[in-house]
1. Where in the range 1-16 is the amide nitrogen less than 20 Å from a point lying 7 Å along the Cα-to-Cβ axis of Ala56?
2. Given (1) 3, 15, 20, 27, 18, 11, 5, 1; (2) 3, 19, 30, 24, 14, 7, 2, 0; (3) 3, 16, 22, 19, 15, 11, 7, 4, 1 as candidate values of P(r) over Cα pairs in 5 Å bins from 0, in percent, which corresponds to the one derived from the coordinates?
3. By DSSP, what percent of the beta bridges with both residues in the chain are antiparallel, rounded to the nearest 5?
4. Place a point 7 Å from Cα of Met1 in the direction of its Cβ. Which residues in the range 7-23 have their backbone N less than 13 Å from it?
5. Tell me the label-point distance for the pair Phe16, His65, using the 7 Å Cα-to-Cβ offset, in nm and rounded to one decimal.
6. How far is helix 54-64 tilted, in degrees, relative to the longest principal axis of the Cα atoms in the chain, given as a value from 0 to 90 rounded to the nearest 10?
7. Running a GNM on the chain with Cα contacts under 10 Å, which residue among Val32, Val21, Val42 ends up with the highest mean-square fluctuation?
8. Order 3-9, 25-31 from most to least packed using the mean count of other Cβ atoms within 10 Å.
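Just so it is clear, none of the values below were taken in a lab; they were calculated from the coordinates. Keep in mind the model is a prediction, meaning the values are calculated, not measured. Cβ placement follows ideal geometry from the backbone for every residue including glycine, while neighbour counts extend to all protein chains displayed.
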Amino acid sequence: MTFHFYLVRNDKINAFSFFGVNVELHSALFSVSDNESQLASVLAHIISQITQRHLAREMEEEQRHGRLR
């Protein structure tokens, strides 16, 4: 899996994935992180969500229960 990372100038502390392997990091993360390890933990969390297919599994579960059309 090849990931694509995007740094966006934004004062809100946030990071998320979109369209599968794309990860957006807001610049505020860098100003509030005390060290590399804290930033790495955010990246690891986002990457694990992608690799474990969290969103896809949630959508599949919703479809199974007839709540998503």
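1. Correct set: 1-5, 16.
2. It is the one labelled (3).
3. DSSP beta bridges in the chain are roughly 45 percent antiparallel.
4. Residues 17-23 qualify, since their backbone N sits under 13 Å from the label point.
5. 2.1
6. 20
7. Comparing Val32, Val21, Val42 in a Gaussian network model of the chain, the most mobile one is Val32.
8. Packing proxy ranking, top to bottom: 25-31, 3-9.
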